[in-house]
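S.K.: Quick one: the structure is below, questions incoming.
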Amino acid sequence: MKRKKGKEQSFDPARLIPGHITRLEPYSSARKESEGSGTGAIYLDANELPEALQGMPPYINRYPGNETEELRSRIAAIKNIAGDRIFLGSGSDEIIDLLMRAFARSGKDEIMIFPPSFGMYQSRAEVNDLGVIKSDLGPGFMIDSKKALGETTENTRIIFVCSPNNPTGNLQPRGEIIRLLEGFNGLVVVDEAYIDFSPGSSLLPLLDEYPNLVVLQTFSKAFGMAGARVGMSFSSPEIRNTLDRIKLPYNLGIPSVKLAIQALNTYADHRLIVERIIKTREELSQKLALMPLVEKVYPSDANFLLVRTTNAASIYGHLAGRGVIVRRRDNEPGCEGCLRVSIGSDAENSRLIEVWQEYGKETGVVTGRESLSAPATQRQASFRRKTSETDITVRINLDGKAYSSISTGIGFFDHMLEQIPRHGMMDLEIFARGDLHVDAHHTIEDTGISLGKALVKALGDKKGIGRYGFSLPMDDSSASVLLDLGGRSYFKWEAEFSSGQAGGVPTGLYKHFFRSFAEAALCNLHITAEGEDDHHIVEAVFKAFARTLKMAVKQNESDTLPSTKGLL
Ligand code: PMP
């Protein structure tokens, strides 16, 4: 946080506000300003009916008054954020639009987005005649803050980060967002519409530190109130006041505000429902992975799943023809063949699976995944490890075809683990859910242990296997991994990093991962790596590890043991 002071001194939202907005007077109602207003006052100022029609709520004849204030103070108390930092809009969609109007000049300025992402950022930019700079998400659908900062121009006013991201479902690394906040002298809007479904925590606690941060949340998702249209933004009071100045006078209806207050009263129920959706999401993900045409179900931190298929149009048409509507996302960059599926009720999810299965029966198309991971040999294993901190399932097929489905909740780590099946030519599924709200430590450590245990199980009696090592260059970096599956555990790590983090994960945890693996897999593992870019160093290590593993587990024609002792 050493740059905190600099940021606080240098960021002034007034710099971004177009002149015509600065000069605006906020809308004022006669009722608010009049001294005589209050209980018993006679309101003949706003051309309302004197009473509500029969059967209607008694307050509905009046324009909204102080109801929004009550909702604001309830949210402030629950989120532990000062009320003057909270702005309420007709859905977060409205706030996205207002932010653009308030902090960017039509026809001159631009926003930055990270495709594939929520379409509203681009469409509201178009409505407001703002340019759109697209900084595509990198591997694992992660933002690359360094690249993005290099792509901004002097007219870039707002960067929109969606985390967890729609449609990819992943949370963005906090370190990357902080780098944007520190390196960009405009607003960084972090859209947390799906944060309640995620193991990660909100960026709200960073508001004090970063005056250019705006966090968006909504009642539409985890509170189940999409129809009420209530969205929230959290920001500095200056940003909030600017939004207040330009909003329509009565942007939230009284019924919606009352319903939102009611929703906050049932906060405990809401948490239960969220927990149920998360559990269902993991079950549905496993089922969908077995469906016809499905290549991959991406890990999700939201209430939907991104499913990569070999023919999105065909499966979409099949489902829609039977009344099951999902969302095509196959035109988005990096989402070729993808459909986005919301987590429904148990009955709805079952129907989805039933209808999807019918596709296979009708067309004779086997599942992409089954055909990839069909058991060629017996060298496969499943291993589940459940503790109070993590619940991890690993499935491995040493003679597979590089099929992978990895979900640990840590985007960059998933991307690294994917190197193992890809470069090791084995099938690997890892499903890990851990206490990421604490930190990544237990999840990474226990994934290493579980992978090691699964490997030992799949290797069986180890007959005919090799015992090798591998070195690999990757741009500025090189990695060498030596492995001996001989049954004794020894771990050596010589890797130097220039920063303490790679992919949002402390670099020490990669060492920890491989140590945990070596201990569980009862192997000698020596890893040496060097380079300039920490991301490259870690990636080179995982790739070299995968190649090593491929050689070491490869079975020769003979079924002899590669040991003079006759025992491994
Ligand atoms: N942000 C994201 C990322 C979304 O996916 C959505 C809705 N699909 C919204 C914001 C809009 O939310 P609201 O209903 O509050 O306008």
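Rule-based calculations on the coordinates, nothing more; no lab input. All of these numbers come straight from a predicted model, not from anything done at the bench. Cβ sites come from the backbone with ideal geometry, for glycine too, and all protein chains shown count toward neighbours.
S.K.: What share of the DSSP beta bridges in segment 400-535 is antiparallel, in percent to the nearest 5?
M.R.: Restricted to segment 400-535, the bridges split so that about 60 percent are antiparallel.
S.K.: When a footprinting reagent is the concern and you count Cβ atoms within 10 Å, what order do Lys296, Lys511, Lys463 take, fewest first?
M.R.: Exposure proxy ranking, most exposed first: Lys463, Lys511, Lys296.
S.K.: Roughly how tilted is helix 312-321, in degrees to the nearest 10 and between 0 and 90, from the longest Cα axis of the chain?
M.R.: Helix 312-321 and the main axis of the chain meet at about 60 degrees.
S.K.: Using 7 Å Cα-to-Cβ label points, what is the Ser10/His270 separation (nm, one decimal)?
M.R.: 3.7 nm
S.K.: To continue, here is another question. Between beta-carbons, use under 13 Å as the cut-off and find the net charge around Phe545, counting Lys and Arg +1, Asp and Glu -1.
M.R.: +4
S.K.: Rank the residues Thr68, Thr387 as a footprinting-exposure proxy: fewest other Cβ atoms within 10 Å of their Cβ go first.
M.R.: Thr387, Thr68
S.K.: If you don't mind, another one. Post the alpha-carbon centroid distance, segment 135-210 to segment 323-368, in whole angstrom.
M.R.: Computed from Cα coordinates, the inter-centre distance equals 29 Å.
S.K.: Further question: Can you work out the FRET efficiency for the pair Arg351 and Asn47, with r the C-beta to C-beta distance and R0 = 60 Å, to the nearest 0.05?
M.R.: Values: r = 49 Å, r/R0 = 0.82.
Rounded to the nearest 0.05, the efficiency is 0.75.
S.K.: Helix 237-246 against the longest principal axis of the chain: what's the angle in degrees, Cα atoms only, rounded to the nearest 10?
M.R.: 60 degrees
S.K.: When a/c reaches 1.5 or more, the comparison of a/b and b/c decides; with that in mind, is segment 102-247 rounded, prolate or oblate per its Cα gyration tensor?
M.R.: Details: a/c = 1.30, a/b = 1.07, b/c = 1.21.
Rounded, since a/c falls under 1.5.
S.K.: Also: Measure nothing fancy, just the Cα-based angle from helix 91-103's long axis to the longest principal axis of the chain, in degrees from 0 to 90, nearest 10.
M.R.: 80 degrees
S.K.: Highest mean first, how do 429-438, 18-27 rank when packing is the count of other Cβ atoms within 10 Å averaged over residues?
M.R.: 429-438, 18-27
S.K.: Identify unpaired cysteines across the chain, taking unpaired to mean no other cysteine Cβ lies under 4.7 Å from the residue's Cβ.
M.R.: Cys162, Cys523
S.K.: Which net charge results for the neighbourhood of Ile527, defined as the other residues with beta-carbon distances under 10 angstrom from its beta-carbon, given Lys and Arg at +1 and Asp and Glu at -1?
M.R.: With Lys, Arg at +1 and Asp, Glu at -1, the net is +2.
S.K.: Place +1 on the Cβ of every Lys and Arg and -1 on the Cβ of every Asp and Glu in the chain, take the dipole about the Cα centre, and give the residue among Tyr468, Leu137, Gly55 whose Cα lies farthest towards its positive end.
M.R.: Ranked along the dipole, the leading option is Tyr468.
S.K.: Turning to a different aspect of this structure: Given the Cα-Cα distance of His20 and Glu336 and 0.36 nm per residue of separation, how much length would full extension add, in nm?
M.R.: 109.5 nm
S.K.: Which order do peptides 329-336, 281-288, 523-530 fall in by mean Cβ count within 10 Å, highest first? Mind showing how you got there, number by number?
M.R.: Working: 329-336: 16.0, 281-288: 18.5, 523-530: 20.5.
The densest-packed peptide leads the list: 523-530, 281-288, 329-336.
S.K.: Moving on. For the charge dipole of segment 270-371, defined by +1 on Lys and Arg C-beta atoms and -1 on Asp and Glu C-beta atoms about the Cα centroid, which residue among Pro292, His270, Trp356 has the Cα displaced farthest towards the positive pole?
M.R.: The residue sitting farthest along the positive end of the dipole is His270.
S.K.: Longer than 31 Å from Cα to Cα, which of Lys492/Lys554; Lys134/Lys511; Lys79/Lys296 are they? Say none if no pair is.
M.R.: On the way: Lys492/Lys554 23 Å; Lys134/Lys511 35 Å; Lys79/Lys296 36 Å.
Distance filter (> 31 Å) returns Lys134/Lys511; Lys79/Lys296.
S.K.: In what sequence, highest mean first, do 343-352, 157-166 appear when ranked by Cβ atoms within 10 angstrom?
M.R.: Answer by packing, highest mean first, reads 157-166, 343-352.
S.K.: Using a simple charge model, +1 on the beta-carbon of Lys and Arg, -1 on the beta-carbon of Asp and Glu, nothing else, what dipole does the chain show about its Cα centre, in debye to the nearest 20?
M.R.: Charge dipole of the chain: 1080 debye, to the nearest 20.
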